[in-house]
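Please read the structure below before turning to the comments.
The values are calculated or read from the model by the stated rules, or taken from the named source; none is laboratory data. All figures in this text were calculated on a predicted structure; none of them were measured in a lab. Positions of Cβ are generated from backbone atoms using ideal geometry, with glycine treated the same way; all protein chains shown enter the neighbour counts. For accessibility, only protein heavy atoms count, side chains too; no ligands or nucleic acids. Shrake-Rupley method; radii C 1.70, N 1.55, O 1.52, S 1.80 Å.
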Amino acid sequence: MHVVQTIEGFRKALDAERAQGRVVGLVPTMGALHDGHLSLLRRAGAECDVVAVTVFVNPLQFEHADDLASYPRDLAADAAMAAGAGVHHLFAPSAAEMHPGEMLTRVAVARLGDGMEGSCRPGHFEGVATVVTKLFAIAGACRAYFGEKDYQQLTVVRRLVSDLSFPVEVVACPTVRAPDGLALSSRNVHLSGAERAAAPVLHRALAAGAAAVERGESRPALVSLAMARIISQEPLATLEYAEVLEEDLRWRLLVAARIGNVRLIDNIEVQAP
Ligand code: AMP
């Protein structure tokens, strides 16, 4: 595996792959890789000729300095995991490499980034859209793999690719969960034992919402209430939102909660009632 820290080096490496006729699979991450990331790497490996993973904790998408500072980082472990997954190129730029000067340019996707994560984390999606735009500008034509776990992010990225005509095909990958239903997340390492035991409440809330829809509940507000109720019954959890997105024949149920100091999100898709 080729580890590269410079924008120029990464760009040249992927240009050279494409010059050989190879299709590049790109997996943008913030590192602290887990089995959720691994599923994206494997999918990219199955569908593309070469796989490139990026590991960059993007300061633009963090609202609070302490959240940015405490975000887990372990490049050696990430490199071992990526190499084990058959990754060809690992791009791990420093913050100075990505942002040598003040970053005056921002990319904002209107409306899709409002509400839910956008309301709870002001500026978050602008930070995400900006770094993803920069990574696409560096990487060039590729298939880019994103997890459904960050569903609103996926909608924002899809829209920016289409609005700005990036030569990128966005591929959505299903959420990987622990056996008890907790969606894998780099932030899960910050959960204490008791908090970890409480954390599957997000998935239970989604399951309760799905069950309500299956029983024929067609009022989104009542489905949201059913999910919110489950989370409010867990003493260690503080609900941030429980929402339903109505999309044609399918509904997307989404929840966010704090367990102690750790903010967790999850979502599932259900058939519309
Ligand atoms: P992150 O490093 O948290 O920014 O995530 C990098 C990519 O991995 C994003 O596209 C996430 O949606 C995806 N991802 C994170 N956790 C999971 C998971 N449990 N299952 C599937 N994809 C995930």
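Computed values, structure above
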item: Inter-label distance for ASP163 and HIS2, nm, one decimal - labels placed 7 Å from Cα along Cα-to-Cβ; result: 3.3
item: Computed accessible area, ASP66, all protein chains, 1.4 angstrom probe, square angstrom; result: 110
item: C-alpha long axis of helix 7-19 to longest principal axis of the chain, angle in °; result: 80
item: Where GluC sites (Glu not before Pro) fall in DSSP loop in the range 1-103, at most 15 other Cβ within 10 Å; result: GLU63, GLU102
item: Solvent accessible area, Å² - GLU243, 1.4 Å probe, full protein context; result: 70
item: Convex hull of the chain built on C-alpha atoms - directionally averaged projected area, nm²; result: 14.5
item: Scaled radius of gyration (Cα, divided by 2.2 N^0.38 Å) that the range 186-267 gives; result: 1.10
item: Percent of beta bridges antiparallel (DSSP, the chain, rounded to nearest 5); result: 50
item: Around ALA226: net Lys/Arg minus Asp/Glu count, Cβ-Cβ under 13 Å; result: +1
item: Degrees between helix 75-84 axis and first principal axis of the chain (Cα, 0 to 90, nearest 10); result: 80
item: Accessible-area composition of the chain, carbon plus sulfur, in percent [1.4 Å probe]; result: 52
item: 0 to 90° range, to nearest 10: angle between helix 124-139 axis and the chain longest Cα axis; result: 30
item: For the range 134-273, with +1 on Lys and Arg beta carbons and -1 on Asp and Glu, the positive-most of PHE136, GLN271, MET227 along the dipole; result: PHE136
